[in-house]
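The values are calculated or read from the model by the stated rules, or taken from the named source; none is laboratory data. Remember, predicted model here, so these are calculated numbers, not experimental data. Glycine gets a Cβ as well: all are built from the backbone with ideal geometry, and neighbour counts include every protein chain shown. To get the accessible areas, we keep the full protein, side chains included, count just its heavy atoms, and leave off ligands, DNA and RNA. Shrake-Rupley method; radii C 1.70, N 1.55, O 1.52, S 1.80 Å.
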2 protein chains.
Amino acid sequence: MRTMTENRIDRTPLYEEVAGRIIYLVEEGTLKPGERVPSLRDFSRQQQVSLNTVKEAYALLEDRRVLEARPQSGYYVCSRLPEVPREAAPNLPAINPTEVTISEMGRMIMRDVLNPNLIQLGAAIPNPEHLPMEKLSRMLASETRRHKVQSVSYAITPGSEKLRKEIARRMLKAGATLRPDQLIITTGCMEAVFLALRATCHPGDTVAIESPGYYNVLRLIEELGLRALEIPSTPSEGISLEALRYALEQTRVAAAIVIPNFNNPLGAQMPEARKRELVELLESYDIPLIEDDIYGDLAFADERPTVAQSYSRNDSVLLCSSFSKTLAPGYRVGWIAPGRYYDQVERLKLTFNIASAAPTQLAVAEFLANGGYDHHLRATRRIYAQKVALLGEAVGRHFPVGTRVTRPKGGFALWVELPAGCDSMRLYALAIKEGITIAPGPIFSATDKFRNYLRINAAFWSERTEGAIQTLGRLATELLAGRPD
Amino acid sequence: MRTMTENRIDRTPLYEEVAGRIIYLVEEGTLKPGERVPSLRDFSRQQQVSLNTVKEAYALLEDRRVLEARPQSGYYVCSRLPEVPREAAPNLPAINPTEVTISEMGRMIMRDVLNPNLIQLGAAIPNPEHLPMEKLSRMLASETRRHKVQSVSYAITPGSEKLRKEIARRMLKAGATLRPDQLIITTGCMEAVFLALRATCHPGDTVAIESPGYYNVLRLIEELGLRALEIPSTPSEGISLEALRYALEQTRVAAAIVIPNFNNPLGAQMPEARKRELVELLESYDIPLIEDDIYGDLAFADERPTVAQSYSRNDSVLLCSSFSKTLAPGYRVGWIAPGRYYDQVERLKLTFNIASAAPTQLAVAEFLANGGYDHHLRATRRIYAQKVALLGEAVGRHFPVGTRVTRPKGGFALWVELPAGCDSMRLYALAIKEGITIAPGPIFSATDKFRNYLRINAAFWSERTEGAIQTLGRLATELLAGRPD
């Protein structure tokens, strides 16, 4: 049977016309609800169209809930056209986010992604304009056409072998020597970090994490019944090893989560020597390192930096990443190289959802093999470097005196420090009313730090964004001046 | 740039020819490793091809790791062609499965799915031959082409609205009145059950489950630190309400997981009155019911049965399902209607992996709307009814005297009781050597029941399968006779 979607030419396909005649007969009252419609053969003769056309028409009408088939009996007009219950009134976001929990705030920002009327300076999503949509969708189509059985079948964990080979090949550039059989495909990097935490920690355990730190990971730590130990980070060097060393002397830590390359939200790149030192420090305590390298491919410099994993001597790094920032967040293709935790991670993934979607794995594997990924990365990195610079300048122009902003070396997020007393949770509430979403500082901490900070996504920089930055600057100035909100 | 995969005509595309010339120059030694190759412009002039063709050729060579680009400098022959480390020797399955843990056995059966040389009587996977592969892959292609931005963007939880609408519409037939905003899309039904358990239970809690019960759910219960309370089930009526009532009087239970329609592995369909009674019983104790309806659409009768959820009065049923048995397990499109646990489930899903893959959601939504899903189901149900019957007869012909087999009313699995003393774990080991995978009984229990039972997947029934059943019967007979293995 042909599908409706393929008939995009002007002429309506014949079976739709035939279906239209039935709908006419129903609406007109000739065919009553509950009544039997002519058999396929009768109607084919009456309308002088092929039996197949009538079959397609009836199948379509069944989809549309106009007809229903009763086996061994024929087709009937649906006795009552079932109606999908109407959507409930949407839950309006709380007016004053200072009253919502930090966790709820994180969800609000994720949900803002779905609102096409907002200027997206909040969640760290890539700009679809800079994703290779055309080529990816062509590869998705051709790969699923070429591997029909494979694309509908479980890509049972550890996932597509071709994809794991391509990832292993690419990661050589980052200093990681991985065999394909050391990799597990996941539903995005978030799931990789989730599995890593589940494999290394037990409820009640303490996890060291950068501060400020990615809010979804903070929520994950909370959800798993773990405790976050926030280690200060700086935009220049990332996580403070001095603070971490001190903390480890005081506290038992079950795992550390670090983003050594262009961390979120600071954009910090750890110097190579410090990556090595980080791994050595953790290994001396036998603490596994969960390394999130999701931004590693988005270095502004010519060379992509190495991963801390490359300094590991006892396989205690669980390296996590995905193609959500560079190819397609919607494809949910992430991966983890869990080192000596391979068995636990594989078992957990298999138990929690068996496998990730197969078609998008095939498409990403093909893109890595033959899509010009490096070529694409070079262009994207140039664009984001420029946008980050322009956005930083705009913040300088429009924000209150005393505002400071990071100069990240990769990724597409800026971390902004407002003058003390300027509450970014209130700024969020005011900005939403102006059609702008931002990520307020407090969600990057479990201990209510960073009230006067915010993260801005530079990926959507454009002239329209300049206006949004101007608006944010004005609102921040008004907040500082004590404007009631 | 065009992609390699699209050029399926005989003539090699021009840029591949150009790439071939570079490879020739490298192999011949004219271009040495580390050496700069001609600039795009120079090579385009030399070879008298367009600049774009050379660009495509160089990008391809970069993918293949023949060239590397150095920004602001040009392209160079890769100084050392990086090699992907070889695969380690595969972990051979344990020779004697009676020595592997039940949990490890479950994983072995899932991994057997990946072995194309095995006759797949083990895992309950559908036969790709009966999946609408052609139409699905066309819809995947057309939907991602039509919704380019949407297909690469996060389908942020709760997931595609169109898909949720179609599911809500379909579930009316099962007696469930659901609004789209009461549904959450998941990475398969397994993830739905996982989220449901996480939302309703705490470590140490007890979960009532049918016995025999689906092994992946048993592993999930174990993984979450929960205790399984196994309630006997019968092929005719499903879970024993008498036993459940008795158990609830004795023990505090946090949740119950039941498959009222064509449960796994018995294929039992609960009578409507008993579904109602089940819900009332659980509601009287305020115990949430996690209802797995993954086989609901595969009734052999004309009408699909209702879901137990339709009898709920206080929204305490978490209804889970997916399209893994009817459309495409590899698409990983499942869903949950978590009732009053909506907020918890949404939060967990968002935290664990943000969203499920977008393209496969679009394809399934379109298939439900315009793909003739009902038409497809009727054909599939007829096929599986026939295969289940034929397989049951074959078991009768070839298995030892005293063997009993279920007559399920839906789905595609048969539950076989061998004569006492016939160990199905040993049968698994013998069968694997003959190229056949089965699901031995003990994995369907956490308490080492069902030693002389096995589940056989009828989806792959064919003449080849008749031989496999004959082999299984012979092996079982030999085991009974005390053949050493």
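Structural remarks
- Of the GluC sites (Glu not before Pro) in segment B:290-355, the ones in a loop by DSSP (not H, G, I, E or B) with at most 11 other beta carbons within 10 Å are B:Glu303.
- Cα pair distances exceeding 14 angstrom across segment A:155-227, given as percent: 67
- Scattering profile of segment B:344-485 at q = 0.11, 0.13, 0.16 Å⁻¹ [log10 I(q)/I(0), Debye over alpha-carbon scatterers]: -0.57, -0.71, -0.86
- Length gained on full extension, A:Leu390 to A:Ser39: 119.6 nm, using 0.36 nm per residue less the C-alpha separation.
- As a calculated quantity, the FRET efficiency between B:Glu280 and A:Glu104 at R0 = 25 Å, using C-beta atoms, amounts to about 0.10.
- Mean shadow area of the protein assembly as shown over all directions, Cα convex hull, nm²: 43.7
- Difference of contour (0.36 nm per residue) and Cα-Cα distance, B:Thr177 to B:Gln470: 100.8 nm
- Part-to-part distance (alpha-carbon centres) for segment A:13-48 and segment B:170-215, which is given in Å: 40
- Loop-exposed trypsin sites (Lys or Arg not before Pro) per DSSP, neighbour cap 10 Cβ within 10 angstrom, longest uninterrupted part of chain B: B:314-485
- Computed [θ] at 222 nm, deg cm²/dmol, the protein assembly as shown (DSSP H ≥ 4; -39,500 (n - 2.57); rounded to nearest 500): -13000 deg cm²/dmol
- At least 40 Å² accessible surface lost relative to isolated chain, residues of segment A:216-236 (1.4 Å probe): A:Arg219, A:Glu223
- Segment B:99-157 and segment A:324-364 have Cα centres separated by 14 Å.
- Within 10 Å of each Cβ in B:112-125, the average number of Cβ atoms from other chains: 1
- Label-to-label distance, nm, for residues given as B:Arg404 and A:Thr447 (7 Å Cα→Cβ offset): 6.4
- Nearest-0.05 FRET efficiency for B:Asn52 and A:Leu377, computed from C-beta distance (R0 22 Å): 0.70
- All Cα pairs of segment B:175-322, percent lying beyond 25 Å: 19
- Using the 1.4 Å probe convention, the accessible area of the protein assembly as shown works out to 38 Å² per residue with neighbouring protein chains retained.
- Summing charges over neighbours of A:Leu418, with a neighbour being any other residue whose Cβ is under 10 Å away from its Cβ, gives 0 when K and R count +1 and D and E count -1.
- Restricted to Cα atoms, chain B shows a radius of gyration and a Dmax of 27.1, 87 angstrom.
- Take every DSSP beta bridge whose two residues both sit in the protein assembly as shown; close to 55 percent of them are antiparallel.
- Total accessible surface hidden between A and B, rounded to 100 Å², 1.4 Å probe: 9600
- Model label points for A:Arg252 and A:Glu17, set 7 angstrom from Cα along the Cα-to-Cβ axis, are 7.8 nm apart.
- Only protein atoms count toward the accessible area here, which uses a 1.4 Å probe; on segment B:106-177, the carbon and sulfur part of that area reaches 51 percent.
- The A:Ser73 and A:Glu27 beta-carbon pair, evaluated with R₀ = 25 Å, returns a calculated FRET efficiency of approximately 0.60.
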